[in-house]
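Since the structure comes first, as structure tokens, the remarks are kept for the end.
The values are calculated or read from the model by the stated rules, or taken from the named source; none is laboratory data. Here the structure is a predicted model, which is why all the values come from computation and not from measurement. Don't worry about glycine lacking a Cβ; one is built from the backbone with ideal geometry, like all the others, and counts go over all protein chains shown.
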Amino acid sequence: MTAIDRDVSQLSIAQETDNLKIIEHDLEGSARWPFVAKAFDGIVAVNYLSRPLFPKIIDGLAHNGILIYQTFAIGNAKYGKPRNPDFLLRENELLDAFAQRLTVVEFHQGYIEKPSPAIVQRICCINQN
């Protein structure tokens, strides 16, 4: 498993795990992409939105690799942060971003109550290319 973040200090406990590679890297602030194409059997992105990275995420999936993506959507301001529309998905945005190249297994958009009330989009896709 690989975890990547621009600040890995909160992952100190996880560093004790033998099967975890931790990379400190700013995906948005660096022109260099730290991964090779088709490198991952699975990619999970939660509560993170960088639209320019969508194609790179797709390219990072191996054949039959699975993408699970969940983040906040328009309407979330009613429940808390983020409130800035630049950081909130538009209606069907995850479908529009991933369904052209990946097979959608499940998609949800709307209200969730747990772990805390929010408006989100969730998608699960498989790279069958």
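Any residue in the range 101-112 that is out of contact with any helix residue (DSSP H, G or I) (no Cβ under 6 Å at 6 or more places or on another chain) and modelled with pLDDT under 95?
no
A quick yes/no check of all residues on (1) at negative phi; (2) surrounded by 14 or more Cβ atoms within 10 Å (Cβ to Cβ); (3) of a type outside the set (A, V, I, L, M); (4) in the same structural domain as T2 (by TED's automatic domain parsing):
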| position | (1), (2), (3), (4) |
| --- | --- |
| L53 | yes, yes, no, no |
| G65 | yes, yes, yes, no |
| Q70 | yes, yes, yes, no |
| K81 | yes, no, yes, no |
| F87 | yes, yes, yes, no |
| L95 | yes, yes, no, no |
| L102 | yes, yes, no, no |
| I112 | yes, yes, no, no |
| I119 | yes, yes, no, no |
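Among the numbered criteria (1) of a type in the set (V, I, T); (2) under 29 Å from S9 (Cα atoms); (3) modelled with pLDDT of 95 or more, which one does I23 miss?
All conditions pass for I23, except number (3).
Going by the conditions given, is D59 among the acidic types (D, E) and under 15 Å from the mean Cα position of the chain (by Cα)?
Judged against the criteria, D59 is a match.
Considering the range 78-129 alone, what residues qualify as being over 17 Å from N47 (Cα atoms) and charged (D, E, K, R)?
Those that are over 17 Å from N47 (Cα atoms) and charged (D, E, K, R): D96, R101, E106.
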